[in-house]
Amino acid sequence: MTAAADLPGPPDAPRFGGVTAPRPRSSLVLAYDLHTPGAEAAARAVLPRLSADDRERVARLRRPGDRTRAVLARWLALRGAARLLGTPWTGLRLARDPRGRPYVVGRPRLSLSLAHSGRYAVAAVVHGGRVGVDVEEVSRVAALPDSAYLTPAEISALPPAPHGTESRAALWTLKEAATKLTGEGLRAGVRRVGFRYREATRGPTVAQTSYTPGVFTAHRLPGGYVCAVGLDRGPEAGEQAEEMTERSAYVMHLTRPIQEHRTPDPGGPLAEADDAVAPERPELDEEENDPHIWLSVN
């Protein structure tokens, strides 16, 4: 069994250009670390570009930190969709279906999932499939009793302390990612969703569940957090795990913080880097080559 303690962390140094991914990309996961200076300013710059419905939803949140996370999660979803579609994110709009699941207006083949907790905002996008994502702080999950969310089989398979603490958090996020993928959300009941880890995989920790088809991966984020992603492309699902693990195409990369702006080398390893919102200069329609987020591509 591959224990959650083996969740991969970031590489030692940024190497965006080292990602091997098929073209065109069909899925994307982005995560924003709110401990990065300028996060609140970025959220203020993005907020006017969101739909009226999204702005209203954000306004209903009481705590400033929650509002910042919510805005940045939506921004990441729009940016991820824009990257897959090859169009500016400012021309896209998010909406919610009757079950509350987000989608891009006029793009029925795109599936989205958003999550935010503590210092991270996360979004996942897939073209031609379904996706679910979740992120959580390990210490918060550790405060819950095992019987509240783990199946008996999961409890018996937990590794000994201290690795079991991270394993519990990984299982929680995997369950949330699965219920978001199906659209049921926590109405499904987390103890109905049982996971087991695949044997001896490389790259992200890969898990599977009888609750729903798909490939589920758990990743360690800096600062004591775990992020899980579930991806289902129907008949292709059997091949997805091999792509994610054997080719290491589904790997998160740590990139430079938002406040570091410079003129990139067009031919260098950052030539494909994401666009950025500069707090002091929020020209949101322009493509920038300053990476500042966690990025996973497949």
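For Arg63 and Ala161, FRET efficiency with R0 = 25 Å and r from the beta-carbon atoms, rounded to 0.05? The calculated FRET efficiency here is 0.15.
For Arg119, no residue whose modelled amide H falls within less than 5 Å of its own remains once neighbours fewer than 5 places apart on the same chain are excluded. Taking the average, over residues, of other Cβ atoms within 10 Å as the packing measure, peptides 216-229, 26-39, 51-64 rank 216-229, 26-39, 51-64 from highest down. Taking the three principal axes of the alpha carbon atoms in region 54-141, the coordinate ranges are 36, 27, 26 Å, sorted in descending order. Loop-resident trypsin sites (Lys or Arg not before Pro) (DSSP state other than H, G, I, E or B) in region 79-151 with no more than 11 further Cβ atoms inside 10 Å of their Cβ: Arg99, Arg109.
Other residues within the sphere of radius under 12 Å centred on the Cβ of Arg57, judged by their own Cβ, net out at +1 (K and R +1, D and E -1).
Here the calculated FRET efficiency for Val105 and Ala148, from their Cβ-Cβ distance with R0 = 35 Å, stands at 0.40, rounded to the nearest 0.05. Per-residue extension of 0.36 nm, minus the Cα-Cα distance of Ala95 and Arg198, leaves a gain of 33.5 nm for this segment.
All of the numbers you see were taken from the coordinates with simple rules; none came from a lab. Note that the coordinates shown come from a computational prediction; the quantities given were computed from them, not determined experimentally. Virtual Cβ from ideal backbone geometry, glycine too; neighbours counted across all protein chains shown.
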